[in-house]
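The values are calculated or read from the model by the stated rules, or taken from the named source; none is laboratory data. Since the structure is predicted, the reported quantities are computational estimates derived from the model, not experimental observations. We place every Cβ from the backbone using ideal geometry, glycine too, and count neighbours over all the protein chains shown.
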Amino acid sequence: MLEVISILKKRHDSQFKLQLVGPVAADLDKKIQAFIYEHRLQEIVELHGRIPYPEIWEIYAHADIGICILHPLPNYVKSLPTKLFEYMAAALPIVASHFTSWEQLIEKHQAGFTVDPFDLETMAAEISTYSKEKELLTKMGNNGRKAYEEAYHWEIEAQKMIQAIYTTSEK
């Protein structure tokens with residue numbers, strides 16, 4: 001994402017700010033800091049590190065897009081990150097790697113769009129283009145929120161889990 005925000009800055013698309021949240025290993029943190037300094041991104045990139053869970057919602061409340069870009073490692077390709085559902089709960093339109101299961105979730109609910117995690121130029125162009133479509137972003141965010149309320153919040157998931165336990169125990 002740092003490369004993408006750098007591309008956007010070079011295109012004089014200064015409306016973007018990148019908020020990075022979550023723990024980072026010390027060696028990677030040094031590389032991130034160096035990249036930010038080298039590309040003069042200090043004004044548009046904010047590193048939060050690990051923060052208490054309730055505080056993430058404050059960051060989501062001020063965000064326009066939720067981004068989940070990962071490389072296609074087996075653990076990522078075969079999972080659905082909690083972050084996607086948090087973005088849906090926060091009514092944030094999603095930009096995510098185009099892994100099959102992620103694409104299916106996002107497209108099913110028209111909650112955002114997926115991108116090739118290796119095609120940084122196209123990713124930057126799509127983020128820039130979509131960011132200008134405020135009504136569409138709002139609609140995608142609302143679609144995600146509706147899907148979360150109807151299908152993915154913890155009460156519904158707990159009911160599914162209880163039903164699975166009953167079904168398994170009856171066998």
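A few points about this structure:
- Within the stretch 33-84, the set of residues being surrounded by fewer than 14 Cβ atoms within 10 Å (Cβ to Cβ), among the charged types (D, E, K, R) and part of a helix (DSSP H, G or I) comprises Glu38, Glu55, Glu58.
- Complete set of residues in the stretch 115-166 that are of a type in the set (S, T, N, Q) and either in the same structural domain as Lys17 (by TED's automatic domain parsing) or under 30 Å from Phe16 (Cα atoms) (or both): Thr122, Ser128, Thr129, Ser131, Thr138, Asn142, Asn143
- Scope the stretch 137-155; condition surrounded by 13 or more Cβ atoms within 10 Å (Cβ to Cβ) and hydrophobic (A, V, I, L, M, F, W, C); matching residues: Leu137, Met140, Ala147, Ala151
- Check on Tyr166, in a helix (DSSP H, G or I) and touching a residue at least 12 places away in the same chain (Cβ under 8 Å): no
- Test: residue in the stretch 28-47 that is of a type in the set (Asp, Glu) and touching a residue at least 60 places away in the same chain (Cβ under 8 Å): no
- Hits in the stretch 14-32 - residues which are more than 21 Å from His71 (Cα to Cα) and surrounded by fewer than 16 Cβ atoms within 10 Å (Cβ to Cβ): Ser14, Gln15, Lys17
- Yes/no for Ser97 being over 21 Å from Leu18 (Cβ atoms), among the hydroxyl-bearing types (Ser, Thr, Tyr) and assigned by TED's automatic domain parsing to the domain that holds Glu150: no
- Every residue from the stretch 52-78 that is in contact with a helix residue (DSSP H, G or I) (Cβ under 8 Å, 6 or more places away or on another chain) and hydroxyl-bearing (Ser, Thr, Tyr): Tyr60
- Extreme residue, surrounded by the fewest Cβ atoms within 10 Å (Cβ to Cβ), among residues of the stretch 85-101 that are outside any loop (DSSP other than H, G, I, E, B) and over 11 Å from the mean Cα position of the chain (by Cα): Thr100
- Residue check: Arg11 meets all listed conditions (1) more than 18 Å from the chain's Cα centre (by Cα); (2) surrounded by 15 or more Cβ atoms within 10 Å (Cβ to Cβ); (3) in contact (Cβ under 8 Å) with a residue 60 or more places away in the chain but one, namely (2).
- Looking only at the stretch 103-114, and only at residues there that are over 11 Å from the mean Cα position of the chain (by Cα) and closer than 19 Å to Pro74 by Cα, the one that is surrounded by the most Cβ atoms within 10 Å (Cβ to Cβ): Leu105
- For the stretch 120-163, a residue qualifies if it is in contact (Cβ under 8 Å) with a residue 60 or more places away in the chain and either of a type in the set (S, T, N, Q) or not in a helix (DSSP H, G or I) (or both), and the qualifying residues are Ser128, Ser131, His153.
- From the list Pro74, Pro81, the one residue that fits, being within 28 Å of Gln15 (Cβ to Cβ), modelled with pLDDT under 95 and not assigned by TED's automatic domain parsing to the domain that holds Phe16, is Pro81.
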